[in-house]
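A.B. asks: Questions regarding the structure given below will be posed in turn.
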Amino acid sequence: MTAVQSGLSGRIVAPPSMADLATDAIRAMIFSGELALGERLVEARLTERLGVSRPPLREALQRLGHEGLVVSHPRRGASVRTLSRHDVYEIVTLREELESIAVRLGIPVRSPARLARCHDALRAFDGTAREADESRFLQRKFDFHLAVVDLAGHSRLTDAYRALSSQLQLCMALNRTARRDRESLLENVERHRELLAVIEDGDPQAVQRALTEHGHGSFLLDVVDQLDGGSPESEEWLARRRGTG
């Protein structure tokens, strides 16, 4: 492959490798549900499906393992990771705590540039919805939430949130599946547009309420019961969220 120029800067940028392309493709297949949680990843099928040889495919699976999306099993190959009820408890509670810190530190917004990044992220998110691009929809959704967290101007907080990217998008994918018959992609974007309007109003308590009510309900009610692996902590938390504990 030859290098290509990037934008108006004239900088030379190497094109994506076959491993890069395979990584992006498999990640998109996981987030879209084409590859189900726990599904075994058969190399022969994937090389044929993606049109790549085994070395870049194996590199892609290794990268996705580092992201927490793929699990390798001795003598049994790799599979898409599963989520347990306790996993969901940890991911969702950590996400909410990080977002809560961001609200306390970042609202009212003091940086027009950071707010502009939220609007840019929302436009990109809206674009994938209008194109019905399910493969990029969740990434753009995460990018919007990351921009909201970045309103705090706290690089370590942003890095901590970014580190949850793949696991958060797995939860978002399950939530999307639960809401698919009730909410279109554009309606999903509209909920985030309303959230951004509350952020711009500058009331931290109102933003916190908006985030709390933002869309976990169907996920916690419709999806988590289908998962195994609960714990005393996760069951107590779910009961509180459902108003039964």
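A.B. asks: Could you please let me know if Thr158 is of a type in the set (S, T, N, Q) and touching an Asp or Glu at 6+ places or on another chain (Cβ under 7 Å)?
C.D. replies: Yes; evaluated as a whole, the condition is true for this residue.
A.B. asks: Of all residues in region 148-166 being more than 22 Å from Ala113 (Cβ to Cβ) and at pLDDT 90 or above, which is surrounded by the fewest Cβ atoms within 10 Å (Cβ to Cβ)?
C.D. replies: Looking at residues that are more than 22 Å from Ala113 (Cβ to Cβ) and at pLDDT 90 or above, I get Ala163.
A.B. asks: Determine whether region 179-199 contains at least one residue that is at pLDDT below 90, part of a helix (DSSP H, G or I) and within 22 Å of Ala132 (Cβ to Cβ).
C.D. replies: yes
A.B. asks: Turning to a different aspect of this structure: Output the qualifying pairs, or none if there are none: Cβ atoms under 6 angstrom, residues six or more apart or on different chains, first residue in region 102-122 and more than 11 Å from Gly153 (Cα to Cα) and free of Cβ contacts under 8 Å to residues at least 60 places away in the same chain, second residue open to solvent by less than 40 Å² (accessible area, probe 1.4 Å) and not in a loop (DSSP other than H, G, I, E, B).
C.D. replies: Short answer, once both residue conditions are applied: Arg117/Ala147; Ala121/Phe144; Ala121/Ala147.
A.B. asks: Can you tell me which residues in region 30-48 are part of a helix (DSSP H, G or I) and open to solvent by 30 Å² or more (accessible area, probe 1.4 Å)?
C.D. replies: Quick first cut of region 30-48, residues part of a helix (DSSP H, G or I) only: 30-32, 43-48.
Listed by number, the residues that qualify are Ser32, Glu43, Ala44, Arg45, Glu48.
A.B. asks: Right, something else. Considering only region 49-58, I want to know if a residue exists there that is over 22 Å from Leu164 (Cα atoms), open to solvent by less than 50 Å² (accessible area, probe 1.4 Å) and assigned to a loop (DSSP other than H, G, I, E, B).
C.D. replies: Taking region 49-58 and keeping what is over 22 Å from Leu164 (Cα atoms), we get 49-58.
Still in the list and also open to solvent by less than 50 Å² (accessible area, probe 1.4 Å): 50, 52, 56-57.
Right, trim to assigned to a loop (DSSP other than H, G, I, E, B) and you get 52.
Within region 49-58 (the criterion being over 22 Å from Leu164 (Cα atoms), open to solvent by less than 50 Å² (accessible area, probe 1.4 Å) and assigned to a loop (DSSP other than H, G, I, E, B)), the answer is yes, since at least one residue qualifies.
A.B. asks: Would you tally the residues in region 75-98 being assigned to a loop (DSSP other than H, G, I, E, B) and open to solvent by 50 Å² or more (accessible area, probe 1.4 Å)?
C.D. replies: 3
A.B. asks: Still on this structure: Looking at region 125-147, which of its residues are out of contact with any Ser or Thr (no Cβ under 9 Å at 6 or more places or on another chain), closer than 19 Å to His214 by Cβ and open to solvent by 10 Å² or more (accessible area, probe 1.4 Å)?
C.D. replies: Matches in region 125-147: Asp126, Asp143, Ala147.
A.B. asks: When both residues are 6+ apart or on different chains and their Cβ atoms are under 8 Å apart, which pairs have a first residue that lies in region 175-196 and is closer than 21 Å to Asp120 by Cα, and a second that is basic (Lys, Arg) and surrounded by 12 or more Cβ atoms within 10 Å (Cβ to Cβ)?
C.D. replies: Going by the 8 Å Cβ cut-off, the qualifying pairs are Asn188/Lys141; Asn188/Arg176; Asn188/Arg179; His192/Lys141.
A.B. asks: Which members of region 59-74 meet the condition of being part of a helix (DSSP H, G or I), open to solvent by 20 Å² or more (accessible area, probe 1.4 Å) and under 16 Å from Ala36 (Cα atoms)?
C.D. replies: Of everything in region 59-74, just one residue is part of a helix (DSSP H, G or I), open to solvent by 20 Å² or more (accessible area, probe 1.4 Å) and under 16 Å from Ala36 (Cα atoms), namely Gly65.
The values are calculated or read from the model by the stated rules, or taken from the named source; none is laboratory data. As the structure is a computational prediction, the values presented were derived from the model and not from experiment. Using ideal geometry, Cβ is built from the backbone for each residue, glycine included, and neighbour counts are taken over all protein chains shown. Ligands, DNA and RNA are stripped out before the accessible areas are found, and what is left, the full protein with its side chains, is counted by its heavy atoms. Shrake-Rupley method; radii C 1.70, N 1.55, O 1.52, S 1.80 Å.
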